[in-house]
Amino acid sequence: MGIKAALPKIELYLYTSILSLALLWAASWIVEASSENVQRKSFKESMKPGWHYFGRKMDVADFEWAMWFTTFRSHILFALSGHVIFAKICSMISPKVGMPGWYRWMSLIYMLYGGLTVLIIMGWTYVSLILSHCIVLYSVALIKRKWLCFLAGLTSLATFKMDPFVSWQAGFVTGTFKLQDILFYGGCGFSIMRCMSFALENCEKKDGQYTFMDLMKYNFYLPFFFFGPIMTFDRFHAQANNPDLTRKDREMWNIFIHALVHLGAILVVDVLFHYLYILTIPTDMKLVKELSDWSLAGLAYFNLVYDWVKAAVMFGVINTVSLLDHLDPPRPPKCITMLYVFAETHFDRGINDWLCKYVYDYIGGNHDGIFKELVATICTFSITTLWLGPCELVYVWSFFNCFGLNFELWVAKLFSLPPLSTIEGLMTEAMSRRIRGLFNAVNFWQIVLYNVLSLNSLEFAKLVARRLLIKGFPVSPIMVLLVTYCGIQLIKERERKLALLEEPEPATPGKPKTS
């Protein structure tokens with residue numbers, strides 16, 4: 001009995017050892033490729049002198065990361081710090097503090113600071129452009145017809161994603177500073193999505209209408225304005241108008257730890273960018289073809305991990321500020337390593353929550369019907385395609401992710417029918433989990449291959465798929481799936497333990513419940 005009891009732990013230790021060794025091996029190959037090819041001509045544009053005590057160059061291929069934490073970090077920090085300081089000063093000198101409704105005064109302060117900051121950075125023509133779209137969508141919201149709100153909102157969004165409309169509107173904004181394009185498209189795109197959320201929530205309001213000032217407070221909240229994440233209007237409105245603004249025990253300490261964790265993540269990523277040139281290597285297809293199958297699989301995986309870290313850190317910095325404002329922002333995306341089903345795959349939880357609330361869950365219901373699920377996924381990824389900007393790469397990405405989401409349901413339906421369901425019923429729980437882990441391992445690499453499209457290029461994704469599935473067959477796919485299977489089992493064990501912790505303890509028979 002002692003050996004049987006120890007077998008699950010031995011199995012988990014084995015999974016952990018195999019996974020750790022595989023990741024270290026892949027990382028060592030990438031480090032070697034980075035070190036030996038740093039002088040290549042294709043690397044020069046993406047490299048810059050790094051920290052002197054590393055004695056290595058730094059990968060700066062990702063403009064977003066470089067913008068946030070290198071080039072414009074002082075500007076972004078100044079704007080976000082100003083938001084916190086301005087709100088604190090106003091709360092200290094305002095005579096309304098402590099009086100009934102003073103929390104509404106604070107949301108007005110946030111709106112004024114956000115609007116003034118956008119006005120100073122982008123100019124009055126940009127603010128006028130945003131306001132014109134807000135006025136149009138607010139007018140449509142008063143009609144309280146969801147289909148009309150969607151039509152007007154998606155039309156407005158299309159004008160910022162397709163030529164000649166986007167070029168015409170961009171022409172109104174004067175200035176030539178480097179961040180102009182990023183701030184223009186980010187602010188406009190997120191503003192339209194927020195206006196659509198406002199309009200759809202207004203349709204749900206039983207008595208009366210939300211005011212235009214409610215929309216302005218929602219849209220011009222500075223931490224969310226340019227870069228997101230999107231918080232649906234119902235959540236923002238409820239939290240911004242919450243009269244109870246007392247802090248919970250150790251809440252400020254948790255916010256402080258939250259900020260320190262993200263600062264640590266920024267430093268770790270900066271260090272890794274001196275050794276793992278995971279963003280620059282995929283741009284040199286000649287070099288990529290020389291890599292081993294194992295390092296190629298690791299490169300694709302580390303690209304997705306980095307994109308998750310980037311999203312978690314960028315949104316984490318913004319969320320830290322919103323936590324100080326007594327808001328509960330969307331959580332960071334789920335770690336890519338923990339994803340083995342398409343239904344949970346996302347890199348922006350704000351957009352994901354928006355799409356689920358207004359499109360995917362609204363149409364798909366409980367996601368049990370094949371036809372309803374197909375319609376829901378097609379509508380969801382059609383809007384996602386428009387949000388990302390229609391182009392060949394986005395079309396391919398949307399098609400494969402839409403297919404993956406539906407394929408999961410088809411497989412689940414197939415295995416719920418006899419004789420497969422009967423066979424699984426005869427298995428032990430551990431054996432059933434092992435078999436499901438094999439399918440989840442295959443699914444994990446579908447997620448990696450489908451999403452590496454949007455991070456790198458179609459050519460890189462095709463090369464990874466061809467090397468792992470065709471040229472490397474059968475050794476490469478078996479080895480990669482074996483390592484992935486070990487990781488899936490570790491994740492499933494963690495999820496099982498968390499589920500056990502969350503389950504309420506059964507009541508003791510004969511013992512009365514106490515409130």
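Read-outs: derived from the displayed coordinates by stated rules, not from any lab. Just so you know, these numbers come straight off a predicted model, no measurement behind them. All Cβ positions, glycine included, derive from the backbone under ideal geometry; neighbour counts span all protein chains shown.
Summary of packing: across the peptides 59-69, 427-437, the per-residue average of other C-beta atoms within 10 Å ranks them, highest first, as 59-69, 427-437.
Annotation note: trypsin sites (Lys or Arg not before Pro) in the stretch 152-254 located in DSSP loop regions with a Cβ neighbour count of at most 14 within 10 Å are Lys178, Lys205, Lys206, Arg247, Lys248, Arg250.
Classify the stretch 357-469 as rounded, prolate or oblate, taking a ≥ b ≥ c as the square roots of the eigenvalues of its Cα gyration tensor: rounded when a/c is under 1.5, otherwise prolate if a/b is larger than b/c and oblate if not.
oblate
Subtracting the Cα-Cα distance of Arg145 and Arg331 from 0.36 nm times their residue separation leaves 63.9 nm of extension gain.
What shape does the stretch 204-335 have by the C-alpha gyration tensor, where a ≥ b ≥ c are the square roots of the eigenvalues, rounded means a/c under 1.5, and otherwise prolate means a/b greater than b/c and oblate the rest?
Working: a/c = 3.55, a/b = 2.07, b/c = 1.71.
It comes out prolate by the Cα gyration axes.
Taking a Cβ cut-off of under 12 Å around Val359, the surrounding Lys, Arg, Asp and Glu residues balance to a net charge of 0, with basic ones at +1 and acidic ones at -1. Determine the shape class of the stretch 160-225: with a ≥ b ≥ c the square roots of the Cα gyration tensor eigenvalues, call it rounded for a/c under 1.5, and otherwise prolate if a/b is greater than b/c, oblate otherwise. It is prolate, given that a/c is not under 1.5 and a/b is the larger ratio.
Put simply, the convex hull of the Cα atoms in the stretch 102-241 casts, on average, a shadow of 8.1 nm². According to the Kirkwood relation over distinct C-alpha pairs, the hydrodynamic radius of the chain is 25.7 Å. Here is the result for the stretch 259-298: no chymotrypsin sites (Phe, Trp or Tyr not before Pro) lie in DSSP coil with at most 16 other C-beta atoms within 10 angstrom of their C-beta. Were the residues from Val442 through Glu459 laid out at 0.36 nm apart, the gain over their Cα-Cα distance would be 4.0 nm.
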